[in-house]
1. So how many residues does the range 340-378 have that are surrounded by fewer than 12 Cβ atoms within 10 Å (Cβ to Cβ), charged (D, E, K, R) and within 28 Å of the chain's Cα centre (by Cα)?
2. Return the pair list, or none, for Cβ contacts closer than 6 Å from residues in the range 319-335 that are under 21 Å from Trp291 (Cα atoms) to residues that are of a type in the set (A, V, I, L, M) and in a helix (DSSP H, G or I), at least 6 apart or on different chains.
3. Under 7 Å between Cβ atoms, at least 6 apart or on separate chains: pull out the pairs that start in the range 36-64 with a residue that is among the acidic types (Asp, Glu) and end on any residue that is not in a helix (DSSP H, G or I).
4. If you check Pro95, Pro52, which single one turns out to be at pLDDT below 95, surrounded by fewer than 19 Cβ atoms within 10 Å (Cβ to Cβ) and either within 16 Å of the ligand (Cβ to nearest atom) or of a type outside the set (A, V, I, L, M, F, W, C) (or both)?
5. Filter the range 22-41 down to the residues that are crowded, with 19+ Cβ neighbours inside 10 Å and closer than 21 Å to Val243 by Cβ and list them by number.
6. Taking the range 167-180, which residues are surrounded by 16 or more Cβ atoms within 10 Å (Cβ to Cβ) and under 24 Å from Asp65 (Cα atoms)?
7. Which one is nearest to the chain's Cα centre (by Cα), of the residues in the range 139-166 that are surrounded by fewer than 19 Cβ atoms within 10 Å (Cβ to Cβ), away from the ligand (no atom under 16 Å from the Cβ) and part of a helix (DSSP H, G or I)?
8. Just checking, how many residues over the range 174-222 are of a type in the set (D, E, K, R) and within 13 Å of the ligand (Cβ to nearest atom)?
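The values are calculated or read from the model by the stated rules, or taken from the named source; none is laboratory data. All values derive from a computational prediction rather than experimental measurement. Because the Cβ atoms are built from the backbone with ideal geometry, glycine has one as well, and the counts that use them run over all protein chains shown.
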Amino acid sequence: MVRLDDQHVHSFLDDGALEDLQPQVADAHEAVLNKTGTSSDMLGWRDLLLNPDDALLEDIQATADRLRRDADVLLCLGIGGSYLGARAVISALTPYLASRSAESSPADAPKGQSANPSQPPEVRFAGHHTSGAYLQELLDDLEGQSVFVNVISKSGTTLETALSFRVVREWMDDQFDDPSDRTIITTDKEQGALNALHEAHDFYKKYVIPDDVGGRFSVMTPVGLLPIAAAGIDIHSFFYGAVSACEEISSTEEHDALRYAALRYLLLNDGYDVEALAVLEPKLLDIGRWWQQLFGESEGKDGTGLFPTVAQYTTDLHSIGQYMQQGQRNLIETFLMPEDDPGDLDIPETANDVDGLNYVAGKKMADVTHAAYDGTAQAHADGGVPNVTIWFDEIAPEPIGELLYFFEHAVAVSGYLLDVNPFNQPGVEDYKNEMYERLGR
Ligand code: PA5
């Protein structure tokens with residue numbers, strides 16, 4: 001269950017503003033549900049939850065099982081919506097120090113086989129920038145390991161991803177006897193260069209990104225699900241978490257996802273044009289980055305939209321905390337909090353209390369986190385930053401699935417409230433065209 005706490009917003013809004021907006025919110029919500037809004041042919045991310053394809057989930061799991069047996073590393077190549085969702089979920093749901101406690105070292109394993117077949121492969125990412133140094137160092141680091149590649153690109157033409165794939169293909173050809181059998185593509189059903197390469201090389205597997213699902217809404221397709229399953233995460237629970245949120249939100253006219261959209265809209269109209277998503281659990285930072293793309297690309301057009309940024313507290317309270325408290329008053333803040341904090345480390349008591357910390361002895365680190373959250377939310381509200389908190393049950397596959405759908409639905413409604421097309425990103429083409437021109441395409 002995802003829940004919105006908006007106690008630190010009310011004093012910033014005119015009396016009755018939320019109620020007055022309700023008919024517009026209801027219309028936007030109806031337009032999403034009934035596919036009557038702009039680009040309603042891009043609402044496939046809802047259809048795939050309303051009509052789950054269990055056979056596809058099983059197929060993805062079977063591929064993940066093979067990767068567990070045969071791969072030390074799954075190298076995912078993709079950018080934007082073709083990698084942020086997988087990275088967000090994997091960061092949230094795998095241990096900080098994921099030691100693949102070696103049953104044997106890669107050097108002991110037969111060439112091309114996993115050294116640790118009972119453990120999921122490490123999922124690594126490339127193809128999301130143009131750094132040659134990164135790619136070189138990454139490939140050097142992968143030397144001697146059993147590597148599989150999942151290249152993810154709906155268009156198949158995105159330069160960052162396509163170039164990385166070219167370099168990685170050459171490297172795979174040098175490293176392995178069976179490079180094509182180690183390559184999985186996730187792309188359009190027939191268009192684009194990846195399909196042409198598949199024709200030529202007959203890769204191990206191809207997954208299709210549905211036409212009616214845009215990149216930033218694709219985490220519940222093979223774009224997100226295969227890397228997530230490969231990392232050893234229960235995709236059935238994750239996917240069905242999103243299904244339950246979709247069903248819940250679709251069956252009501254009042255939901256916290258709609259309220260979140262409405263509050264942001266009202267605050268934007270009042271001149272608050274920057275939104276910081278703040279997490280206190282560092283594992284959630286990449287969910288913030290996924291959220292940033294989802295909201296930034298969906299809303300930021302036609303001269304409107306809140307600029308989305310991400311903060312990790314309390315770390316960033318020692319960098320941007322001063323600004324948040326006393327800088328320009330155009331900021332709103334959204335805290336993202338699990339009800340059940342995983343940080344149950346006990347704080348020990350010491351006999352002499354030389355460091356003066358016995359006042360917190362006997363508490364848990366989670367108590368400190370909670371005090372930091374609660375205190376920051378209050379201080380920032382007092383300092384003129386309206387803030388809300390989105391609570392979800394715990395950092396586990398099902399609640400994370402619910403949470404991601406909550407945001408997807410909220411941004412669709414929000415886009416319609418703003419009267420923009422939430423499902424396109426025409427502005428992204430401009431940098432590409434300038435870059436291509438300089439490269440002589
Ligand atoms: O949300 C989007 O549509 C974009 O962020 C794309 O995912 C991103 O540009 C990558 O595109 P592609 O999957 O075609 O390589």
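1. Within the range 340-378, residues that are surrounded by fewer than 12 Cβ atoms within 10 Å (Cβ to Cβ), charged (D, E, K, R) and within 28 Å of the chain's Cα centre (by Cα) number 1.
2. That search, which allows pairs on different chains as well, returns Ile332/Leu267.
3. Going by the 7 Å Cβ cut-off, the qualifying pairs are Asp41/Asp212.
4. Only one candidate qualifies: Pro95.
5. Correct list: His29, Val32.
6. Result: Val168, Arg169, Met172, Gln175, Phe176, Pro179, Ser180.
7. The residue in question is Asp141.
8. If we filter the range 174-222 for residues that are of a type in the set (D, E, K, R), which is where we start, we get 174, 177-178, 181-182, 188-190, 199, 202, 205-206, 211-212, 216.
Adding the requirement that they be within 13 Å of the ligand (Cβ to nearest atom) leaves 188, 211-212, 216.
Adding up the residues that qualify gives 4.
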